[in-house]
Amino acid sequence: MRPLLLVVLLLSCAGDEAVTGARRAPAPAPRAEQPTAEPTRAAAAPPAAAPVAVAAREPAPDPRAQVRQAAHDALAENCGECHEGHRSTNPKALAIFDLDQPDWPARFTPPRFESALRRLVKKSEPASAAFVAFRDAELAARPN
């Protein structure tokens, strides 16, 4: 919260110059009283802009995260004996999807969605509803 507040304060101060177009004149340089043959011009360097702190953006959370978690829990409860790597001794089931792997949602194809749904419908209504929401969200997010 504090970095965001600092950014807002810095931007509001910097915004005054942008809105009015006025800048503070640099302090005059002290002049030497020694006479010179040629008048010298003091090169006025443009004032350095104050560094602006930019808050690091965190990636937006995946809107499917809650739906995936609900489906994961339903699948773990009903299918985990075969589809969780830490519990299963069935390599064929783990080759289809392993709930212990982070990419488990990507392993579902439309036929796999339908097969899993046929099995979950026999289990419980909340489990099948969670899986249907997962299927719909995943298919909607994938390119055709």
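The values are calculated or read from the model by the stated rules, or taken from the named source; none is laboratory data. If you're wondering where the values come from, they're calculated on a predicted model, not measured in any experiment. No Cβ is skipped: glycine too gets one built from the backbone with ideal geometry, and neighbour counts run over all protein chains shown. The area values use the complete protein model at the heavy-atom level, side chains included, leaving out ligands, DNA and RNA. Shrake-Rupley method; radii C 1.70, N 1.55, O 1.52, S 1.80 Å.
Which residues, counting only those in segment 100-144, are touching a residue at least 40 places away in the same chain (Cβ under 8 Å), open to solvent by 60 Å² or more (accessible area, probe 1.4 Å) and charged (D, E, K, R)?
Across segment 100-144, the qualifying residues are 119, 123.
Going through segment 106-135 one residue at a time, which ones are of a type in the set (Lys, Arg) and assigned to a loop (DSSP other than H, G, I, E, B)?
Step one: of segment 106-135, the residues of a type in the set (Lys, Arg) are 107, 112, 118-119, 122-123, 135.
Result: 122, 123.
For segment 52-59, does any single residue satisfy the condition of being in contact with a helix residue (DSSP H, G or I) (Cβ under 6 Å, 6 or more places away or on another chain), in a loop (DSSP other than H, G, I, E, B), modelled with pLDDT of 95 or more and not acidic (Asp, Glu)? Full working, then the answer.
Taking segment 52-59 as the starting set, the residues that turn out to be in contact with a helix residue (DSSP H, G or I) (Cβ under 6 Å, 6 or more places away or on another chain) are 52-53, 55.
Next, only the ones that are in a loop (DSSP other than H, G, I, E, B) stay: 52-53, 55.
Subsequent filtering for residues that are modelled with pLDDT of 95 or more retains none.
No: zero hits.
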